[in-house]
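The values are calculated or read from the model by the stated rules, or taken from the named source; none is laboratory data. It should be emphasised that the depicted structure is a prediction, and the values quoted were computed from it without experimental measurement. For neighbour counting, all protein chains shown are included, and Cβ atoms are generated from backbone atoms with ideal geometry for every residue, glycine included. These accessible areas exclude ligands, DNA and RNA; they are computed on the full protein's heavy atoms, side chains included. Shrake-Rupley method; radii C 1.70, N 1.55, O 1.52, S 1.80 Å.
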Amino acid sequence: MGIKKESPGNSTLNNTQYPSQIPLPKGFQLFTTIGPGLVLAMSFLGTGDLVSSSVSGVNYGYILLWTLVISLIARIFIISSLAKYTLMNQYGDTQILEGFGRVAKWLPTVMTIVVIFSGIITQSTFLRATASGLYYLTGGNWAGQWGVFICAVLVCLFNIWMIYTGQQYKWLEVIARAASVLMIGGFIIAVISLGGFDVAAFFKGIFTFQVPEDQTGGFAPIVVAVATIGTIAGNMPNLLYSGFMKDKGWVGPKYRKTQQFDLISGMLPLLFINLLFWIVAAEYSSKNAGFSIANEFDMSNMMTDLLGVTGPIIFWLCIFGAGITSFPSSARGFSQLAVNGIHLSKSKNKYRGNDEADPLFKKIQIIAFTIIPIIASLPNAPGMVALNIVGTSISTLLSLPIICVVLFILTSSKKHMQPYAVNKPWQNILLGIMIIIAFVIGFQTILNIPSMFQSLFNA
């Protein structure tokens, strides 16, 4: 494939000592340093975390809460390993798909196809959520069944405008910070209105690792667990981090400490948001027998019951805030991956190493990841909740096993990594466990595909 074996600018090649690190800034600059991790965390949200956590909380109380904890730990570990490769590999690679090409020449081509397919599915759920939030924030009683679609068009136009401003990544950081504060604040108010939560049941749900035997919602418990793990542990969107790091200018091993701080700091708001969503849904359902979540309106009604007229406003603001951070950032990230994969698939390309200079970058970002997903916002399209669960499960099936296996091969070998960065035995064990989990999830998802699509089109 012609991937370069080294980068002249990487002065640490073949260095056996751990490189010196750029010190973390102090004061307010420490806050502004957080960027790629928070943008990535908020791009995960979409409605994924809100929907998966809320559905699980309502249908199963705190029983499946362990999936949230395992998924978050796995997400940080996987993304950190991905980042370690792009910062500390032997070749000077700055994009993770370059590493995939080191494992097998055909992998970038395969991953490009998976990125485009999974990206369109993911973007469809994000756009539907953003458009729904905007529509109901503006009254929700205009343009009839075409109202959400019109709002989706407006969101697409906003994203296209950001693409052509030349400052898209900076906008994404600003929006991510504002949305995280909004969602945490909104659901803290909801928890307070509930008068607290069942602490004993909360910790039991974390440590007992139970799976309900009975199906109480529109999806089997294992499917909901898969959606939760897939949404929170991450699947394809995990790969976006290397592109966001490059946008920030973090290239080379000296940024490893900064990157680790950024990733953990970015994931903390995600943890709080997930826990708050889950607690509110679990506590509300325990006090309202028979309540279930089949669509976004059930969630809105729950917030209305809790907070009165301000409840729906907070809910739709959270939906809009989650979507408006996820849709633009994922459009950019998926396009970076797709174009990089296309370039790596060709033996020669004048844009190799400068993916965004290729006119194809904006075309894919606008057509594949901005315009095509609008189909999911047409009248009579599947509901936001069902679309999210099915879309996440299929995306996980397509990507997670490949990512885990390739990541293990790359980071456990001195052939690919700098000597100081090769995995420790415990890291290889964890990656091995993730490989097993990935294939189990894939197998369970395949078994449940018929029932998932039945629920999707009946929702």
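Across segment 349-356, computed HN-Hα scalar couplings (Karplus, 6.51 cos²θ - 1.76 cosθ + 1.60, θ = phi - 60°) run 7, 5, 9, 4, x, 9, 4, 6 Hz from first to last residue, x flagging Gly and Pro. Taking amide H atoms as placed 1.01 Å from N in the peptide plane, the amide H of M417 lies under 5 Å from those of Q90, each 5 or more residues away in sequence or on another chain. Equivalent ellipsoid of segment 310-459: semi-axes from √(5λ) of the C-alpha gyration tensor, largest first, are 32, 25, 16 Å. How large is log10 I(q)/I(0) at q = 0.12, 0.14, 0.23 Å⁻¹ when the Debye formula is applied to the Cα atoms of segment 263-341, each weighted equally and without solvent? Those come out to -0.49, -0.62, -1.13, one per q.
Put a dot 7 Å past the Cα of K346, heading toward its Cβ, do the same for I367, and the two dots end up 1.4 nm apart.
Once all protein chains are placed together, E283 keeps about 10 Å² accessible to a 1.4 angstrom probe. Multiplying the residue separation of I375 and I433 by 0.36 nm and subtracting their alpha-carbon distance yields 17.1 nm. In this simple spin-label approximation, D198 and L360 carry label points 7 Å from Cα along the Cα→Cβ vector, and these lie 5.4 nm apart. Ranking D298, D93 from most to least accessible surface, computed with a 1.4 Å probe over the protein chains only, gives D298, D93. Placing pseudo-labels 7 Å out from each Cα toward the beta carbon at A104 and I150 gives an inter-label distance of 5.0 nm. Take the Cβ atoms of T16 and S413, set R0 to 25 Å, and the FRET efficiency comes out at 0.95. Counting 0.36 nm for each residue step from A289 to L271 and taking away their Cα separation leaves a gain of 3.7 nm. Accessible area ranking (1.4 Å probe, heavy atoms, ligands and nucleic acids excluded), largest first, for Y135, Y351: Y351, Y135. For W146, the solvent-accessible surface with a 1.4 Å probe is about 120 Å², rounded to the nearest 10. Extension gain for the segment K26 to I188, taken as residue separation times 0.36 nm less the Cα-Cα distance, is 55.4 nm to one decimal. So which lysines can K287 reach, going by Cα to Cα under 27 Å and dropping same-chain residues fewer than 8 places off? The qualifying lysines are K204. Is the shape of segment 71-201 best called rounded, prolate or oblate, per the rule: a/c under 1.5 gives rounded, else a/b larger than b/c gives prolate, else oblate, with a ≥ b ≥ c the square roots of the Cα gyration tensor eigenvalues? It is oblate, given that a/c is not under 1.5 and a/b is not larger than b/c. Here's the list of lysines a cross-link from K105 could span, going by alpha-carbon distance under 28 Å and ignoring same-chain residues fewer than 8 apart: K4, K5, K84, K246, K346, K348, K350, K362, K363, K414, K415, K424.
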